[in-house]
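The values are calculated or read from the model by the stated rules, or taken from the named source; none is laboratory data. Remember, it's a predicted structure, so these values are computed and weren't measured experimentally. Neighbour counts are summed over all protein chains in view; Cβ atoms, including those assigned to glycine, are modelled from backbone coordinates with ideal geometry.
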Amino acid sequence: MSTVLQTNQLTKHFGRIKAVQELDLQIETGQVFGILGPNGSGKTTTLGMLLGVTKRTSGTFSWFEQGEGHALRKRIGAILEHPIFYPFLNSIENLKIAAHIKDVQNPDFDGLLKTVGLYDRRLDAFKTYSLGMKQRLAIATALVSDPDILIFDEPTNGLDPQGIADIRKMIVDIAEMGKTIILASHLLDEVQKVCSDFMVLKSGVKVFQGKVDDVLNQKQRIEVYADDEEALRTALSEVNQVSSVKFEYGVLVAELNEEYSARDLNTFLYERGIVASHLANVRSSLEEQFLSILDEDD
Amino acid sequence: MIILALFVLIYFAVGLSFKKVIDWFIEENAEGFSFFVDSGLPIFDFVDIWQNLAYITFLFKYILAFVVIISICLEYSNKTIRQNFIDGLSRTEFLFSKVGLIVFLTLLSGILLTILGLILGMLYSPVTSFPFVITNMEFVLAHMLEVFGFLSFALFVATLIRRTGFSIVLFVFYATSIEPIATGIMKYQYELPVWYFPITSFGNLVRLPFEKYIFREVQDYVALQDVLVASGWTAIFLYLTYLLIKKRDV
Ligand SMILES: Nc1ncnc2c1ncn2[C@@H]1O[C@H](COP(=O)(O)OP(=O)(O)OP(=O)(O)O)[C@@H](O)[C@H]1O
Ligand SMILES: [Mg+2]
C-alpha cells in the first residue's frame, strides 16, 4: 500500500472563521475514504485546499508523496460541491476541455458517457440538463483521465431516491475498479454504504478517524423486552458483558461487548425465568456512532 | 493555453459585428471623404493615413475590452475557472490563456487597421508608391500597443471585480469619466503634468491628428516617452492581474 494523500497541520481561516484546523490525514491506495461532518464543518474547504482552489492559511499537504504541484491534479478526478461546466457547451465539448487540461491522449468520450448513462443527451447543451444529468456528466468528467483517485463532494445532494441509488452504485463500481475514492458527505448512511474508512469533522477539527467496519462491529445492540420490565432490567444489570441499557421506543436497548451474543443473552434470561417477548439484533448504525462522537466532544 | 470554445463563439459573434462596424465606418468615412475632397484635406493620403486611422479606430478598443471583460467574468460567474484549476490547470497557465486572448485581439486590431488603411489609401490617396505607403506605419504598432495596454487594464479590472456588469460600468466610467476629468482639472486648473496616468498614456501613443490641418502644430510622430509610460502601465496591470489570480481563492 502506498500513500495517496498526506496532510500536515492543514489549516484554513476565513477571517475569524476557523474553517479547518490543524488537520492531519493520511489516505492509502485503494481506500474509499469518507469525510463525514455536519453542514459547515469544513469538508469542502478541506477538499478545496487539496485541489488548489482554496489557499490554505498554514500547514502542508502532499499528493502521491510528490507535493502539491498543479500537474498532480491531472491524475485526480474531482468535483467540488456542484457540477461546474460551460453552460452553452454540450457534454462532448465540456469533456474535451477537461481532457485537454488533463493532457489525455485519445479519450473515449462515447464510452464514458455510456458508462454514466448520458450518451443519448450528449449533444445537448449543459444548461438544459437536469441535476441528475449534471452529476452524471461530472462523474464522466472525473473519469476522463482514468485517474487513480476520485474525489466526490456530496455527489447525491439534491437527487431523488433513484438518482441517489444510481450515483452510489456508480461510486461503488468505481471503487471496485481499484480506485481510491474520497467522499465528503453529511449523510451517514452514504458513508456507511460506500466507504471503507472515514473521519469525522466537527467545526473544522478532526474528532474521529477509523474503519467503517470496526466502528460498526465494535458494539452490538440488542433490543429486548419482556412483560416484567423490572425483572428484565435487574437481570440485565447483572450481566458484565452488557455495557449499557437504555429505554427507547418501547423496548430496552442493550449494548453488548463483542464476545457476548444475543443468543447468550437469551439463554441467560431464560435461566432466570424471564421470557423475552421481543429480542432483536440491531446493527449499531454509524449514525449512533456519529452522534455519540459529536456529543462526546462537546 | 486554453481559450475556451465558449469565448471563441462569443468572440466570433462580436468579431463579426466588429467587421460590420468597420464596414459602416468605411461608409461613414466615404461620405466624409467627399467633404474632405472638397475642402482638400488629405485624411486618407498615405503617410498621414496611419496616424489618422489609428486615431479614429480607437473606439473599437472598447468593444475588444468588453470581450476581454466578459471572457474573464464568465469564467468566474460560471465557476469554470474553479473547475479548470481542480482539473489541473495552473494559475499561471490560466493567466497566459487570457493574455493569449488579448494578444490575439491586439494582432487582430493591428491587422484590421493595416487592411483598412491599405484599402482606403489605395482608393483615395493621390500617392500610392511603396515608400509612401509604409512611411509612418509605426502608428499601426503604436495603435497595437495602445490596444494591448488598454486590454490589459480591462483584464485587470475584470479579474479584480469578477462581475460582468459592474466591471464594464467601472471600466467605462474610469476610462471615459474619472481619469479624463481628473486629468482635465489637474492640467487646466493646476497646470500639473498628466502624462503618467494610464488611460492618458495609452491615448498619448497616437495623438489627436486632425488639428494639424488647422494649426499644423501636432505631435505627428510616436514619442519614446509615451511608449515607455504605456508599456510600464501595461506591465503593471498584467503583474497585478497575475498577483490576483495567484493569491486569491476561487
Ligand atoms: N469563501 C468563504 N468565505 C468565508 N467563509 C467561508 C467560505 N467558505 C466556507 N466558509 C466557512 O467555512 C466553514 C466551513 O465551510 P465548508 O463549506 O467547508 O463546510 P462543509 O463541511 O463543506 O459544509 P456543507 O455540508 O454545507 O457542504 C463554514 O463555517 C463556512 O461558513
Ligand atoms: Mg460542502
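For region A:145-167, residues that are away from ligand 1 (no atom under 16 Å from the Cβ) and either at pLDDT 95 or above or within 22 Å of residue A:101 (Cα to Cα) (or both) total 6.
The rows are residues; the columns are (1) small (Gly, Ala, Ser); (2) in contact (Cβ under 8 Å) with a residue 40 or more places away in the chain; (3) not in a strand (DSSP E or B).
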{"site": "A:223", "(1), (2), (3)": "no, yes, no"}
{"site": "A:243", "(1), (2), (3)": "yes, no, no"}
{"site": "A:247", "(1), (2), (3)": "no, no, no"}
{"site": "A:255", "(1), (2), (3)": "no, no, no"}
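Could you tell me whether residue A:57 is within 16 Å of ligand 2 (Cβ to nearest atom), within 14 Å of chain B (Cβ to nearest Cβ) and either out of contact with any helix residue (DSSP H, G or I) (no Cβ under 6 Å at 6 or more places or on another chain) or among the charged types (D, E, K, R) (or both)? Against the criterion (within 16 Å of ligand 2 (Cβ to nearest atom), within 14 Å of chain B (Cβ to nearest Cβ) and either out of contact with any helix residue (DSSP H, G or I) (no Cβ under 6 Å at 6 or more places or on another chain) or among the charged types (D, E, K, R) (or both)), residue A:57 does not qualify. For residue A:81, the conditions (1) in contact (Cβ under 8 Å) with a residue 40 or more places away in the chain; (2) buried (at least 17 other Cβ atoms within 10 Å of the Cβ); (3) within 11 Å of chain B (Cβ to nearest Cβ); (4) within 16 Å of ligand 2 (Cβ to nearest atom) are fulfilled apart from (2).
Has region A:194-210 got at least one residue that is within 14 Å of chain B (Cβ to nearest Cβ) and more than 16 Å from ligand 1 (Cβ to nearest atom)?
First pass over region A:194-210, keeping only residues within 14 Å of chain B (Cβ to nearest Cβ): none.
No; the residues of region A:194-210 include none that is within 14 Å of chain B (Cβ to nearest Cβ) and more than 16 Å from ligand 1 (Cβ to nearest atom).
Could you list, in sequence order, all residues of region A:168-197 that are within 16 Å of ligand 2 (Cβ to nearest atom) and at pLDDT 90 or above? Walk me through how you get there before you give the answer.
From region A:168-197, those within 16 Å of ligand 2 (Cβ to nearest atom) are A:182-188, A:190-191; that's our starting set.
Hits for region A:168-197 are A:182, A:183, A:184, A:185.
Taking first residues from region A:37-49 that are under 14 Å from residue A:60 (Cα atoms) and partners that are outside any loop (DSSP other than H, G, I, E, B) and near ligand 2 (Cβ under 9 Å from one of its atoms), the Cβ contacts under 7 Å between residues at least 6 apart in sequence or on separate chains come to A:47/A:153; A:47/A:184.
Only one residue in B:183, B:176, B:164 is farther than 19 Å from residue B:235 by Cβ and either of a type in the set (Gly, Ala, Ser) or in contact (Cβ under 8 Å) with a residue 24 or more places away in the chain (or both). Which one? Steps first, answer last, please.
Working: B:183 fails: either of a type in the set (Gly, Ala, Ser) or in contact (Cβ under 8 Å) with a residue 24 or more places away in the chain (or both); B:176 fails: either of a type in the set (Gly, Ala, Ser) or in contact (Cβ under 8 Å) with a residue 24 or more places away in the chain (or both).
Unique residue meeting the criteria: B:164.
Got a sec? Which of A:42, A:69 is small (Gly, Ala, Ser) and either away from chain B (no Cβ under 14 Å) or within 15 Å of ligand 1 (Cβ to nearest atom) (or both)? Going through A:42, A:69 in turn, just one is small (Gly, Ala, Ser) and either away from chain B (no Cβ under 14 Å) or within 15 Å of ligand 1 (Cβ to nearest atom) (or both): A:42.
Could you look through region B:81-96, keep only residues that are within 7 Å of chain A (Cβ to nearest Cβ) and part of a helix (DSSP H, G or I), and pick out the one that is surrounded by the fewest Cβ atoms within 10 Å (Cβ to Cβ)?
Filtering region B:81-96 for residues within 7 Å of chain A (Cβ to nearest Cβ) gives B:82-90.
Still in the list and also part of a helix (DSSP H, G or I): B:82-87.
On the way: B:82: 21, B:83: 28, B:84: 24, B:85: 23, B:86: 29, B:87: 27.
Restricting to residues being within 7 Å of chain A (Cβ to nearest Cβ) and part of a helix (DSSP H, G or I), the top hit is B:82.
Scanning region A:12-39 for residues that are within 16 Å of ligand 1 (Cβ to nearest atom), of a type in the set (Val, Ile, Thr) and surrounded by fewer than 17 Cβ atoms within 10 Å (Cβ to Cβ) gives a single hit, A:17.
Which residues, taken from region A:84-98, are under 27 Å from the mean Cα position of the chain (by Cα) and facing chain B (nearest Cβ under 9 Å)? First the steps, then the outcome.
Taking region A:84-98 and keeping what is under 27 Å from the mean Cα position of the chain (by Cα), we get A:84-85, A:95, A:98.
The answer is A:84, A:85, A:98.
The rows are residues; the columns are (1) in a helix (DSSP H, G or I); (2) at pLDDT below 90.
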site	(1), (2)
B:123	yes, yes
B:127	no, yes
B:131	yes, yes
B:154	yes, no
B:175	yes, no
B:178	yes, no
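Yes or no: residue A:148 within 14 Å of chain B (Cβ to nearest Cβ) and either out of contact with any His (no Cβ under 7 Å at 6 or more places or on another chain) or away from ligand 2 (no atom under 16 Å from the Cβ) (or both)? Steps first, please.
Values: within 14 Å of chain B (Cβ to nearest Cβ): yes; either out of contact with any His (no Cβ under 7 Å at 6 or more places or on another chain) or away from ligand 2 (no atom under 16 Å from the Cβ) (or both): yes.
In short, yes.
When only residues in region A:243-255 that are crowded, with 16+ Cβ neighbours inside 10 Å and modelled with pLDDT of 80 or more count, which is farthest from residue A:268 (Cα to Cα)?
Going through region A:243-255, the residues crowded, with 16+ Cβ neighbours inside 10 Å turn out to be A:245, A:251-255.
Subsequent filtering for residues that are modelled with pLDDT of 80 or more retains A:245, A:251-254.
Values: A:245: 16, A:251: 18, A:252: 16, A:253: 16, A:254: 14 Å.
My answer is A:251.
Got at least one residue in region B:97-107 being more than 14 Å from residue B:64 (Cα to Cα) and either part of a helix (DSSP H, G or I) or within 14 Å of another protein chain (Cβ to nearest Cβ) (or both)? Within region B:97-107 (the criterion being more than 14 Å from residue B:64 (Cα to Cα) and either part of a helix (DSSP H, G or I) or within 14 Å of another protein chain (Cβ to nearest Cβ) (or both)), the answer is yes, since at least one residue qualifies.
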